[in-house]
1. Please report the carbon-and-sulfur percent of the accessible area for the chain; probe 1.4 Å, protein heavy atoms only, DNA, RNA and ligands left out.
2. Taking only protein heavy atoms into account and a 1.4 Å probe, give the accessible area per residue of the chain in Å².
3. Using the Cα centre as the reference, give the magnitude of the dipole from point charges on the C-beta atoms of the chain (Lys, Arg: +1; Asp, Glu: -1; all else neutral), rounded to the nearest 20 debye.
4. Rounded, prolate or oblate: which fits the chain, taking a ≥ b ≥ c as square roots of the Cα gyration tensor eigenvalues, rounded meaning a/c under 1.5, else prolate when a/b beats b/c?
5. In what sequence, largest accessible area first, do 74, 84 appear using a 1.4 Å probe?
6. Once fully extended, how much extra length lies between residue 93 and residue 108, figured as 0.36 nm per residue of separation less the alpha-carbon to alpha-carbon distance?
7. In the stretch 76-106, which residues have a backbone nitrogen under 13 Å from the label point lying 7 Å from residue 117's Cα in the Cα-to-Cβ direction?
8. Within the chain, what's the longest run with no trypsin sites (Lys or Arg not before Pro) in a DSSP loop and at most 15 other beta-carbon atoms within 10 Å? Give the range, please.
Amino acid sequence: EERALVNWGGALCLRAKLLAKSGVETDLVRRLQLAAILKYEGAYNINPGSMQALKGWGTALREAAQMVAADADEAIELLDQAAECFSVALSINPDDVTSQRALRRCTQDIQDIEADMERGRPPTTNINDRGRW
C-alpha cells in the first residue's frame, strides 16, 4: 500500500510538472500537486521510516511552492514543510546526499524570498525565474 501511494504521488508530480511546462491552467497543476502531496503523506503515515515517501513529499511541497511564488507567505510555508520532510529523512539517514541537497535548497529558497520581500521586490511568479527552482 505504501509503495502504491509513493508511485501514485510520483506520477501525479510528473504530470503536474509536464502540464506546468506546457502552460496548462495553473489551477489544474495545483490540484495535481495537492493530490501528490496527500499521496506521499499517506505513504508516510503507513511507514514513517520511508525515505521515498519523505523525499517525495518534500519534493512535491517544494514544487508546489514554486507554483505559488507570487504569494511569498504561502511559498515560505510550503518550503518550511518541505524542509521538515527532508530534515526527518536526514534523521533516519544522515548520510543521504539527496536529502542534504534538498534541505539546503529549501533553506536557500526561503532566504531568497525573504530577501526579495525586504528589498520590496515583487515575488517571482515564474518557476524558471529562480535558477535553483
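The values are calculated or read from the model by the stated rules, or taken from the named source; none is laboratory data. Quantities reported herein were computed from a predicted structural model and do not represent experimental measurements. Neighbour counts are summed over all protein chains in view; Cβ atoms, including those assigned to glycine, are modelled from backbone coordinates with ideal geometry. In case anyone asks, the SASA skips ligands and DNA or RNA and just uses the protein heavy atoms, side chains included. Shrake-Rupley method; radii C 1.70, N 1.55, O 1.52, S 1.80 Å.
1. On the way: 3600 of 7310 Å².
Carbon and sulfur atoms account for 49 percent of the accessible area of the chain.
2. Heavy-atom SASA per residue in the chain reads 55 Å².
3. Working: 16 positive and 20 negative charges, 118 e Å.
Computed charge dipole of the chain: roughly 560 debye.
4. On the way: a/c = 2.30, a/b = 1.29, b/c = 1.78.
Oblate, because a/c is 1.5 or more while a/b does not exceed b/c.
5. Numbers: 74 55, 84 110 Å².
Ranking 74, 84 by accessible area, largest first, yields 84, 74.
6. 3.2 nm
7. Residues passing the 13 Å test: 76-80.
8. Values: sites that count: 119, 130, 132.
By the stated rule (loop sites, at most 15 other Cβ atoms within 10 Å), 1-118.
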